[in-house]
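These notes concern the structure reproduced below.
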Amino acid sequence: MSADIEARLKDLEHACRLAGARVTHQRREVLRAVVESSRHPDAQSVLRIVRERMPTISFDTVYRTLSFLELHDLIDRVQGTGGRTRFDGNQLAHHHFICTMCGRISDFTSEAVDRMSLPEAALKLGIAASRQLQVYGVCRACERQEGHTYENQEQ
Ligand SMILES: [Zn+2]
Ligand SMILES: [Zn+2]
């Protein structure tokens with residue numbers, strides 16, 4: 001077990017204690033599935049991963065557990081392509097490259113983006129606490145497959 005997952009399971013124990021909830025086997029396994037995947041899995045993919053260890057777990061339980069983990073700030077919800085909800089176990093500040101062909105969401109970090117001054121229009125709307133850049137495009141794997149010329153689209 002990696003040091004990261006150990007630390008995250010400790011966070012889960014802490015969050016459950018605060019919420020007066022039990023640290024169930026389901027909660028541990030669903031958190032592990034999201035944290036150990038770098039692919040920002042959707043609920044169906046989490047179900048597939050968790051079923052390897054817990055063959056009888058239902059989609060409903062996985063979905064409710066994901067909501068529980070999100071509510072307690074242990075994972076984040078990300079909007080993927082095609083309106084699919086995806087889950088993100090990376091809690092360090094990072095940005096996303098989203099492939100519009102295969103739907104893959106990859107993490108990257110950028111000090112330049114983190115330090116960039118925000119537009120006046122955004123600052124007028126409220127007090128900024130954090131920021132996240134979503135870059136849409138065609139990932140390298142799809143580019144190779146399709147022989148695509150790839151363009152960066154920022155949003
Ligand atoms: Zn792709
Ligand atoms: Zn991410």
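The values are calculated or read from the model by the stated rules, or taken from the named source; none is laboratory data. Here the structure is a predicted model, which means the values were calculated and not measured. With ideal geometry, Cβ positions are generated from the backbone for all residues, glycine too; neighbour counts draw on all protein chains shown. The accessibility values were calculated without ligands, DNA or RNA, using every heavy atom of the protein model including side chains. Shrake-Rupley method; radii C 1.70, N 1.55, O 1.52, S 1.80 Å.
Take the alpha carbon atoms of the range 4-18, find their center, do the same for the range 101-145, and report the distance between the two centers in whole angstrom.
Between the Cα centres of the range 4-18 and the range 101-145 lies a distance of 28 Å.
Size of the dipole of the range 69-155 about the Cα centre, Lys and Arg at +1 and Asp and Glu at -1 on the beta carbon, nothing else charged, in debye to 20?
It comes to approximately 140 debye.
For residue 58, what accessible surface area do you get with a 1.4 Å probe? Give it in Å², rounded to 10.
Roughly 40 Å² of residue 58 is accessible to a 1.4 Å probe.
Compute the relative contact order of the range 36-86 as a whole-number percentage, counting only Cα pairs closer than 8 Å that sit 6 or more residues apart in sequence.
37
I need the GluC sites (Glu not before Pro) found in the range 1-107, filtered to DSSP loop residues with at most 15 other beta carbons within 10 Å of theirs.
The qualifying sites are 52.
Quick one: how many Å² of residue 116 are accessible to a 1.4 Å probe, rounded to 10?
100
Output needed: percent of Cα pairs per 10 Å distance bin for the chain, bins running from 0 to the one holding the longest distance.
With a bin width of 10 Å, the distribution comes to 10, 33, 33, 20, 5, 0.
Taking the Cα atoms of the range 3-83, report the difference between the largest and smallest coordinate on each principal axis, in whole Å and largest first.
36, 27, 25
If you place +1 on the Cβ of every Lys and Arg and -1 on the Cβ of every Asp and Glu, how big does the dipole about the Cα centre of the range 1-134 come out, in debye to the nearest 20?
360
With a 1.4 Å probe and all protein chains kept in place, how do 37, 130 rank by accessible area, largest first?
So the residues, ranked largest to smallest area, are 130, 37.
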